[in-house]
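The values are calculated or read from the model by the stated rules, or taken from the named source; none is laboratory data. None of the values given here were measured: they were computed from a predicted structure. Cβ sites come from the backbone with ideal geometry, for glycine too, and all protein chains shown count toward neighbours. Quick note on the areas: whole protein, heavy atoms, side chains included, nothing else; ligands and nucleic acids left out. Shrake-Rupley method; radii C 1.70, N 1.55, O 1.52, S 1.80 Å.
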Amino acid sequence: MEGRAAAKDLELLRAHVAGDRDAFAELFHRHRDRLWAVALRTLGDREEAADALQDALLSAHRAAARFRGDSAVTTWLHRIVVNACLDRIRRRQAHPTVPLPDGNRADDGTGGLEPAAPVTDHDTVLVVREALAALPLEQRAALVLVDVQGYPVAEVARILGVAEGTVKSRCARGRARLAVLLGHLRPAAVATTSTRPDPTVPITGVPGVTPGNPGPVEGVGSGSGRYRRDANQEDT
């Protein structure tokens, strides 16, 4: 176990490709918290995030042999998770008769978008979640990774497969949209300036858009039910 814990991500991935049944589980266990946080904050709904993470892990499990090593394994995993989330959003938008989940189902006891920190202003969290959901997909993904999760721009560029300048541009446009949509939540800031907030400055201090890492999703077994059960049991 000690040797496995010290193994590098690439070694674990290669061991999985070679037939080691436990290697991929160890690799996922190592990165599950951040992958789960990205899925949850991109989708804004725990069940959707659990299903997207399940889809992503199955894709990574099957595609491991095709990993070329032109990026870090964790970057590759994040790219697969983000793509799985964006695919779900696109499918959701293609069926407008299906309501967007609000991420806070009364019967699951999950506590909404911010499971790591109790929320005292539920209405504000809903407004922030809706504002994020209103952003174009590319801007939302960039903002979640840069401003919410705190990844460096260079790493986000590798995850999304775009240039660093593109990430900066998407973040700037997304921040400008959020500044307009959420301006009423920051009356003090609005009152002290006669111009729009600088879109190049990360959105911080707004309830509901804060860095954090939800509890882990246990297990790597197939079937979204297991992930959904684990996600619903993580609340702290």
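Tabulated results
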| item | result |
| --- | --- |
| Fraction of the pair-distance distribution of segment 27-101 above 18 Å, Cα-Cα pairs, percent | 38 |
| Potential lengthening between His184 and Ala65 on full extension [0.36 nm per residue; Cα-Cα distance subtracted] | 37.9 nm |
| Exposure rank, largest accessible area first [Lys8, Lys168; 1.4 Å] | Lys8, Lys168 |
| Theoretical gain in end-to-end length, Val162 to Glu11 [0.36 nm per residue, Cα-Cα removed] | 51.7 nm |
| Listed residues His29, His184 arranged by accessible area, highest first, probe 1.4 Å | His184, His29 |
| Approximate spin-label separation Gln93-Ala133, in nm, with each point projected 7 Å along Cα-to-Cβ | 1.4 |
| Segment 72-93 and segment 9-69: distance between their alpha carbon centers, rounded to Å | 11 |
